[in-house]
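In what follows, a single structure is set out as C-alpha cells and then discussed.
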Amino acid sequence: MRNTARIALGALVATAGAGAIAFAAAPDAAAAPTICPALPGQSSTMHGCTADSGPTGLSLAVVDNGGTASSKADNYAGPAAIALGPKASVTMTGIKPGLAIGIAGPGATVVVDGKNGPTCTGGTSFAGDFQTFKGCWKP
C-alpha cells in the first residue's frame, strides 16, 4: 500500500472517530475519551479499548464514559470502534479491504465481523461496513 494511501486512510479513520466523539460528547463530560490507535503491525491497549493491526491494516478504538471498544484489522481494512456511555460495546473486525465504523451509545452493542452484515442491538447505535456493503441503525 502506498504511503499516500496509508496516510489518507489513517486520516479518514481518525476523522470519523473524532467526529463521533465531538457529536456525542456531553457538555458536562468529566474526562477525556480513551483512544487506542494501531498503525500497520502495531497494537494498543488501554482501559476499555484495544486495537490490533496486522501488517496491512489500520484500526482505531475509542471509549468514553464507561464503554468497551475493540478493533482488529488486516488485509487493507480500516475499522473504527467507538463506544460512548455506560455498557456500550463495539467489536470490529476488518478482514477485507475497506473501511468500517461502529458507534454504540449507552447500553448498545455493535458487532462488525467483515463476513456478515453488522448487528446493532440494545440502545442507540450505528454501523457501516464497506467490507460487506451493509449497515445497521438502531435509534
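Going by the structure shown, is GLY114 more than 13 Å from GLY66 (Cβ to Cβ) and modelled with pLDDT under 95?
Numbers: more than 13 Å from GLY66 (Cβ to Cβ): yes; modelled with pLDDT under 95: yes.
Against the criterion (more than 13 Å from GLY66 (Cβ to Cβ) and modelled with pLDDT under 95), GLY114 qualifies.
Which of the residues that make up region 38-60 are assigned to a loop (DSSP other than H, G, I, E, B), of a type in the set (A, V, I, L, M) and buried (at least 17 other Cβ atoms within 10 Å of the Cβ)? Spell out the reasoning first.
Taking region 38-60 and keeping what is assigned to a loop (DSSP other than H, G, I, E, B), we get 39-42, 47-48, 54-58.
Remaining after also requiring of a type in the set (A, V, I, L, M): 39, 58.
Residue satisfying the conditions is LEU58 alone.
Could you say which residue among GLY85, GLY102, GLY94 is surrounded by fewer than 24 Cβ atoms within 10 Å (Cβ to Cβ) and touching a residue at least 12 places away in the same chain (Cβ under 8 Å)?
Going through GLY85, GLY102, GLY94 in turn, just one is surrounded by fewer than 24 Cβ atoms within 10 Å (Cβ to Cβ) and touching a residue at least 12 places away in the same chain (Cβ under 8 Å): GLY85.
Would you be able to say whether some residue in region 61-70 is open to solvent by less than 30 Å² (accessible area, probe 1.4 Å), in contact with a strand residue (DSSP E or B) (Cβ under 8 Å, 6 or more places away or on another chain), closer than 18 Å to PRO97 by Cβ and modelled with pLDDT of 95 or more?
Within region 61-70, not a single residue is open to solvent by less than 30 Å² (accessible area, probe 1.4 Å), in contact with a strand residue (DSSP E or B) (Cβ under 8 Å, 6 or more places away or on another chain), closer than 18 Å to PRO97 by Cβ and modelled with pLDDT of 95 or more.
The values are calculated or read from the model by the stated rules, or taken from the named source; none is laboratory data. The model shown is predicted, which means the values in this text are computed figures rather than measured ones. In this analysis, Cβ positions are derived from the backbone assuming ideal geometry, glycine residues included, and neighbour counts consider all displayed protein chains. These area figures cover heavy atoms from the full protein model, side chains too; ligands, DNA and RNA do not enter into them. Shrake-Rupley method; radii C 1.70, N 1.55, O 1.52, S 1.80 Å.
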